[in-house]
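Colleague: So that we are looking at the same thing, I have put the structure below in structure tokens.
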């Protein structure tokens with residue numbers, strides 16, 4: 001009898017500890033961190049529209065889109081084909097094309113002679129970070145739609161299958177509705193979810209979501 005009572009007490013303590021367990025904050029990127037992959041660039045029709053950070057996109061400024069680096073991060077982009085480099089500030093999310101790691105403004109693409117080819121193999125190096133980063137989590141983007149009804153249908157399907165999914169609006173004419181699945185503390189956790197989704201349903205990209213960003 002005493003043994004049964006003791007086991008019950010241990011179970012209650014363990015359950016209480018799990019209930020109070022906090023999620024680990026998203027790990028900050030490191031200055032000097034590098035990444036190699038394909039860069040692309042974008043101009044019209046995004047010029048003059050709001051970026052994911054809320055800043056108005058100006059394709060003649062040295063900015064770029066990245067899926068997970070915090071807004072305001074300064075990155076050096078080195079074109080591995082011709083040796084040219086350019087420093088850009090992250091102010092948008094993307095690119096959402098497999099194999100690509102950064103989407104440059106037209107001005108930045110021009111600096112490393114990438115306008116004509118459209119893409120280039122590059123090495124990214126983090127130069128500096130914002131002094132204070134907003135709260136964030138990592139999710140998996142599975143689609144983006146101009147029609148909210150289409151985005152809602154996919155969100156509902158993803159929520160039923162994976163337990164958590166939400167819409168993130170990107171302003172424009174018309175606005176773009178991004179469908180993001182999951183709410184993970186680290187990129188590694190989100191990458192595991194992305195691999196599962198990609199294997200089961202198709203393309204999936206890990207994205208950083210700053211809070212609040214959703215609508």
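Read-outs: derived from the displayed coordinates by stated rules, not from any lab. Since we're looking at a predicted model, the values are computed, not measured. Quick reminder, even Gly has a Cβ in these numbers, built from the backbone with ideal geometry, and neighbours come from all protein chains shown.
Colleague: At a threshold of 8 angstrom on Cα-Cα distance, excluding pairs fewer than six apart, so keeping six or more, what relative contact order does the chain reach in percent? Working shown, then result.
Modeller: Details: 439 pairs, mean separation 47.7, N = 215.
With pairs under 8 Å counted, the relative contact order is 22 percent.
Colleague: Summing -39500 (n - 2.57) over the DSSP H runs of n ≥ 4 in the chain and dividing by its residue number, what mean residue ellipticity at 222 nm do you reach, to the nearest 500 deg cm²/dmol? Mind showing how you got there, number by number?
Modeller: Details: 4 runs with 54 residues, N = 215.
When only DSSP H runs of four or more count, the value is -8000 deg cm²/dmol.
Colleague: Here are some values of semi-axes √(5λ) of the Cα gyration tensor in Å: (i) 35, 22, 14; (ii) 33, 24, 19; (iii) 37, 21, 15. Which one was computed from this structure?
Modeller: (iii)
Colleague: With everything on Cα atoms, drop me the angle between helix 187-200 and the longest principal axis of the chain, reported from 0 to 90° to the nearest 10.
Modeller: 90
Colleague: Based on the Cβ-Cβ distance from residue 47 to residue 201, what FRET efficiency comes out when R0 is 41 Å, to the nearest 0.05?
Modeller: Efficiency for this residue pair is about 0.80.
Colleague: How big is the Rg/Rh ratio for region 136-210, C-alpha atoms only, Rh by Kirkwood, two decimals? Walk me through the numbers on the way to the answer.
Modeller: Values: Rg = 11.7 Å, Rh = 12.2 Å.
Result for region 136-210 is an Rg/Rh of 0.96.
Colleague: Taking R0 as 45 Å, what FRET efficiency do you get between residue 125 and residue 173 from their Cβ-Cβ distance, rounded to the nearest 0.05?
Modeller: 0.80
Colleague: Let me ask you something else. Run the numbers on region 136-210 and let me know its relative contact order in percent, using alpha-carbon pairs under 8 Å that are six or more apart. Show your work: numbers first, answer last.
Modeller: Details: 140 pairs, mean separation 32.8, N = 75.
Computed over region 136-210, the figure is 44 percent.
Colleague: Once you have the alpha carbon radius of gyration of region 34-128, what is it after dividing by 2.2 N^0.38 Å, with N set to its residue count?
Modeller: In units of the globular-protein estimate, region 34-128 measures up at 0.94.
Colleague: Report, to the nearest 10°, how far helix 2-20 tilts away from the longest principal axis of the Cα atoms in the chain, using its own Cα long axis and a range of 0 to 90°.
Modeller: 20
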